[in-house]
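All remarks here apply to the structure that follows.
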Amino acid sequence: MLLIKLGILLIGFIYAGLLPYMVKRTIAHVRFDLVRQTLSFLSNRDLYGQKYVKGYKRLLFATACLTYIYFWLLSEFYDLGDNEVLMQQIDISFAILTLLAFVPHNINPYSLANLKASVLRILHNILAVMLFLMLPALIIMFQFSVLPQMYFLGISGLIGIGAVMVVTIVSVLMNGINGVTEILFIEGISLWSLYITILTLLR
C-alpha cells in the first residue's frame with residue numbers, strides 16, 4: 001500500500017503539473033491567439049511546423065499514459081478493480097487521448113476533393129469534444145465509487161469537478177471552444193487531481 005501511495009504522489013503531481021506547465025511554456029514562445037484558436041492548432045504543421053507537431057503528440061501521449069496510470073493507482077488504492085464500468089472508462093479516456101495525439105489538426109476546407117484532410121479534421125474535432133465529456137465522466141465515476149467508503153472525499157471531489165464543469169460550460173457559452181476554455185478545463189482537472197492526491201496521502 002505504501003508503494004501505491006508513493007506512486008499516486010509521484011504520478012499525481014506530474015499529472016497535475018505537466019500539461020498546464022508545458023502549455024503555458026509553449027504558447028509563451030509562439031504567436032498564439034487563445035481567443036481565436038484552440039490548443040489543437042499547435043498540432044497543425046502548416047501553422048507551427050513539424051517541431052510543434054511532434055511536441056504536441058508527445059505531450060498528449062504522455063498525458064494519456066499518466067491519466068491511465070494515475071486512475072489505475074487510485075483504483076488499486078481504493079479497491080475499485082471490480083468496478084467494470086470505471087475500468088472501462090479509464091481505458092476509453094486513454095484511447096481518446098492517444099488517438100487525439102496522433103490525429104493532427106488542420107483547417108483545410110471540408111471537401112470531397114481533399115477527402116483525407118476532411119476526414120482527419122472531422123475525426124480530430126469529434127475526439128476533442130469526446131475528451132471534454134469523457135474525462136469529467138471518468139472523474140465523476142471515480143467519485144461515486146469512493147463515496148460509500150469515504151464520504152468527505154466523494155462529496156468534496158464531486159463538488160470540485162462540478163465547479164470545473166460549470167466554469168467550462170460558462171466559458172464555452174461566452175467564448176466558444178477556444179484556448180481560453182481549454183486552459184480553464186486543464187487547470188480545473190489539475191486542481192482536482194492535486195486535491196485528490198493530497199487527501200489520498202493523508203488517509
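Here the accessible area of the chain is 70 percent carbon and sulfur, with a 1.4 angstrom probe and all protein chains present. Considering only Met174, Met141, Met22, the Gaussian network model of the chain with Cα springs below 10 Å gives its largest mean-square fluctuation to Met174. Binning every alpha carbon pair distance of segment 69-184 at 10 Å from zero, what are the percents per bin? Percent of pairs per bin, in order: 13, 34, 32, 16, 5, 1.
Comparing Asp82, Asp33, Asp46, which has the greatest mean-square fluctuation in the GNM of the chain with Cα pairs linked when under 10 Å apart? Judging by the Gaussian network model, the answer is Asp82. The helix-based estimate of mean residue ellipticity at 222 nm for the chain, built from -39,500 (n - 2.57) per DSSP H run of four or more residues and divided by its residue count, is -28000 deg cm²/dmol to the nearest 500.
Here the Karplus curve 6.51 cos²θ - 1.76 cosθ + 1.60, taken at θ = phi - 60°, turns the phi angles of segment 125-135 into couplings of 5, 5, 5, 5, 5, 4, 5, 4, 8, 6, 5 Hz, with x standing for Gly and Pro. Phi angles across segment 20-35 convert, under the Karplus curve 6.51 cos²θ - 1.76 cosθ + 1.60 with θ = phi - 60°, into 3J(HN,Hα) values of x, 5, 5, 5, 4, 5, 5, 5, 6, 9, 10, 7, 10, 9, 5, 7 Hz, Gly and Pro given as x. Just checking the listed ones, Leu19, Leu127, Leu47: in the Gaussian network model of the chain with Cα springs under 10 Å, the one fluctuating most is Leu47. With only the Cα atoms considered, segment 32-103 has a convex hull volume of 93 Å³ per residue. Scalar couplings 3J(HN,Hα) for segment 149-164, obtained by applying the Karplus form with A = 6.51, B = -1.76, C = 1.60 to θ = phi - 60°, are 9, 9, 4, 5, 4, x, 5, 5, x, 5, 4, x, 6, x, 5, 4 Hz; x denotes Gly and Pro. Each residue, Met165 and Ala28, gets one label point 7 Å from its Cα in the Cβ direction; the gap between the two is 3.4 nm.
The values are calculated or read from the model by the stated rules, or taken from the named source; none is laboratory data. Not measured: the values here are computed from a predicted model. For neighbour counting, all protein chains shown are included, and Cβ atoms are generated from backbone atoms with ideal geometry for every residue, glycine included. When the accessible area is computed, the model is the full protein with side chains, heavy atoms only, and any ligands, DNA or RNA have been set aside. Shrake-Rupley method; radii C 1.70, N 1.55, O 1.52, S 1.80 Å.
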